[in-house]
């Protein structure tokens, strides 16, 4: 076995075939980091020209000319192969030390303990505690911070669309059907329109109190991932003319029902119920007419950024305008991408709603994010977390400085 630096092409080909593949271990993410001042490396172990394991590393200068190294969602390795893992880690330590590194952070794309839809541990399910122990034996320490999401909500795509609808919670299914009836159109946003997604995510970030990405980030991600068709910027828009036309048709049908009830001398209860249904429709039409006058015929409601890498569709993040939430556009956005995955389930194995709060079964802050995703049905996935490996004495010096500052 030999520890080597890899070329971008051979790393890309190896990464895409690996069981632990993830968009965070791609040259595109490495190049994104380069735009932010990080250095980029590809390393691996070869045996007779065959790559046995590999990882992308990025590094950034911190204190006293020393470098922090990070392997986003790395390594791409069989973590149960202790001999290979030990050899790889020992050589990476030497490699990083030669480049003035003092720490290596990793957050492997590995499940910790299998969990069900409610976040409860599955009896006799997957348990990778042994992998965590292997890392500890090699000198890794559990990090107190977490750069990437640690808990996710996922949905397997080997399911029929109608069967999936039946498995949804009634509230989710009702809102989805409501959205589908609201003349909402979903389309892909091109590079020139990325500010549309930025505005939508700004609206949500301001409402929820978190920092949003800047426009340059959206543009850079588009430039990096779109040529390989591995990113989708999706927007859901209300077409007011179509909405008014469709609801006027419904109004006419309801009016005919009312006339029939009156002619048949039906009960006051049935007649009043029909009158109430007509009033609701008239109010909806009136509201949308006002909206059209203020905002025009096509109104953005909701947007999302989706990564389509390997056999997984990831809902990276999204945004909505609060004043239009009653139109249920977020449900339409999710349904659009889920059904794309189902239609291409030979390519895509699962739909990943991505981040949810940790220990979700204890109802932590932010539970509503999970509750929305849970409505579509699926399962919680807990990853093993982030670990840091001391490379030199400066690791402990910087920890001491941080403790003194605190």
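The values are calculated or read from the model by the stated rules, or taken from the named source; none is laboratory data. In this text, all values refer to a predicted model and were calculated from it rather than measured experimentally. With ideal geometry, Cβ positions are generated from the backbone for all residues, glycine too; neighbour counts draw on all protein chains shown.
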Tell me, please, whether a residue that is more than 19 Å from the chain's Cα centre (by Cα) and on the phi > 0 side of the Ramachandran plot can be found in region 177-190. yes
Report every pair of residues separated by at least 6 positions or lying on different chains whose Cβ atoms are under 6 Å apart, first residue within region 326-354 and in contact (Cβ under 8 Å) with a residue 12 or more places away in the chain and at positive phi, second assigned to a helix (DSSP H, G or I) and surrounded by fewer than 16 Cβ atoms within 10 Å (Cβ to Cβ). 328/178
Any residue that is in contact with a strand residue (DSSP E or B) (Cβ under 9 Å, 6 or more places away or on another chain), assigned by TED's automatic domain parsing to the domain that holds residue 371 and more than 27 Å from residue 367 (Cα to Cα) - is there at least one of those in region 163-182? yes
Which residues, counting only those in region 178-194, are modelled with pLDDT under 95 and surrounded by fewer than 18 Cβ atoms within 10 Å (Cβ to Cβ)? 178, 180, 181
Looking at residue 232 and the list (1) under 30 Å from residue 314 (Cα atoms); (2) in a loop (DSSP other than H, G, I, E, B), which single condition is not satisfied? (2)
Here is a list: 88, 75, 69, 79. Which entry is assigned by TED's automatic domain parsing to the domain that holds residue 30 and closer than 30 Å to residue 369 by Cα? 75
Residue check for residue 238: more than 30 Å from residue 26 (Cα to Cα) and more than 37 Å from the chain's Cα centre (by Cα): no
Count of residues meeting criterion [within 11 Å of residue 391 (Cα to Cα) and not in a strand (DSSP E or B)] in region 100-117: 1
Apart from one, (1) more than 26 Å from residue 10 (Cα to Cα); (2) modelled with pLDDT of 95 or more; (3) more than 22 Å from the chain's Cα centre (by Cα) all hold for residue 62; the odd one out is (2)
In region 139-190, what count of residues is obtained for those that are assigned to a loop (DSSP other than H, G, I, E, B) and more than 21 Å from residue 320 (Cβ to Cβ)? 13
Within region 1-53, residues being in contact with a helix residue (DSSP H, G or I) (Cβ under 8 Å, 6 or more places away or on another chain) and assigned to a helix (DSSP H, G or I) number 12
Matching entry among 253, 294 (being loosely packed, with under 13 Cβ neighbours inside 10 Å and within 30 Å of residue 193 (Cβ to Cβ)): 294
